[in-house]
Amino acid sequence: MTNTEPKRVRVIDSHTGGEPTRVVISGGPELGEGPLSERLERMKTEHDDFRTAVVCEPRGSEPMVGALLCKPVDRLSTAGVIFFDKAGYLGMCGHGTIGLMTTLAFLKMIKPGAYFIETPVGMVRALLHDSGEVTVKNVESYRTQANVAIKVPGYGKVKGDVAWGGNWFFLINDHRLELSPGNIEALTHYACQVREALTREGITGDSGQEIDHIELFGPSRIEGVDSKNFVLVPGKTYDRSPCGTGTSAKMACLYRDGKLKEDQVWRQESIIGSVFEGGICIIEDKIYPHIKGSAFVNAEADLIFNENDPFCMGIRK
Ligand code: PYC
């Protein structure tokens, strides 16, 4: 035992459509003042154990997404943020940005209005509405490959699109699986097999990145809702929310297929029944999606980093 006070990390937890976000307010690693992409690299190489300490068990949980609040580069931005989960790091995170904005409002750091948030993959704009809802104007989203066929062991030929929405996605419409909470085990198995097949067949994002999110679509039973999804996120877990970056990738594909117009509303339901409302804005033939949803703060805590705790920095498995 030592007599020194254990290190404390202040966090606020929330959920967006059921998907948790843990915003690190203070006590995080010192990553310097450069662009968020550089700070992300420093976190990966020098402070990865901070990620596992915050989101992995015993403090975290399978779907928990961490959001390290950082000082922005630009004085006009409100915050910088690095998103991470049990498996690694996310480029952008839609549900997490809604959680971050709701957390900043909870802390009385922001009022309803429009804000710039810096992420490792670019600047996003976020609007906090009087109602407490948040609209995230995402980074440019685009499809790089349409109707790609891959061979998936146990399932045969599977066709899908490769698209970027702030993370890389493989989007599948024709899968013959039931999209219901009772079928999550089978959906997870199928999506994991698809992800492995993509890697095996060398199908990647446009700079060789792994396609680590797999998104399956089907009809929604909720009136006025356009589609229901199941989204496998990095690791072996699924997004409880409709996935902001996944909905962005979907809307980019729909626009290129002539199935979504600028300013048309797209409502996307998640596998557990939560809904995001989305749309797109076209600037010089580039697609900029926006998604709207709500988050709820459900905990405010200090994480205690006790150096005598053998699992202080989380369980990596
Ligand atoms: O909402 O973009 C999102 C997201 C990505 C992974 C989990 N949620």
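The values are calculated or read from the model by the stated rules, or taken from the named source; none is laboratory data. None of these values were measured; they are calculated from a predicted model. A quick note on method: Cβ atoms are made from the backbone with ideal geometry, for glycine too, and the neighbour counts reach across all protein chains shown. We work out accessible area using only protein heavy atoms, side chains counted, and drop any ligands, DNA or RNA first. Shrake-Rupley method; radii C 1.70, N 1.55, O 1.52, S 1.80 Å.
General remarks:
- Candidate set: the stretch 200-220, residues that are surrounded by fewer than 13 Cβ atoms within 10 Å (Cβ to Cβ) and more than 18 Å from His175 (Cα to Cα); chosen: the one nearest to the ligand (Cβ to nearest atom): Gln209
- Count - residues of the stretch 8-60 that are acidic (Asp, Glu), over 15 Å from Thr119 (Cα atoms) and surrounded by fewer than 22 Cβ atoms within 10 Å (Cβ to Cβ): 6
- Of the residues making up the stretch 139-157, just one is open to solvent by less than 40 Å² (accessible area, probe 1.4 Å) and farther than 30 Å from Leu177 by Cα, namely Val139.
- Complete set of residues in the stretch 230-245 that are surrounded by fewer than 24 Cβ atoms within 10 Å (Cβ to Cβ) and under 22 Å from Lys137 (Cα atoms): Arg240
- Considered as a group, the residues in the stretch 247-283 that are touching a helix residue (DSSP H, G or I) at 6+ places or on another chain (Cβ under 7 Å) and among the aromatic types (Phe, Trp, Tyr) include one that is surrounded by the fewest Cβ atoms within 10 Å (Cβ to Cβ), and that residue is Trp266.
- Residue match in the stretch 232-253 (condition: of a type in the set (Gly, Ala, Ser) and either away from the ligand (no atom under 16 Å from the Cβ) or assigned to a strand (DSSP E or B) (or both)): no
- Candidates are the residues of the stretch 1-31 that are among the β-branched types (Val, Ile, Thr) and within 16 Å of the ligand (Cβ to nearest atom); the one that is nearest to Glu277 (Cα to Cα) is Thr16.
- Lys286 being open to solvent by 10 Å² or more (accessible area, probe 1.4 Å), within 25 Å of Ala67 (Cβ to Cβ), at pLDDT 95 or above and not aliphatic (A, V, I, L, M): no
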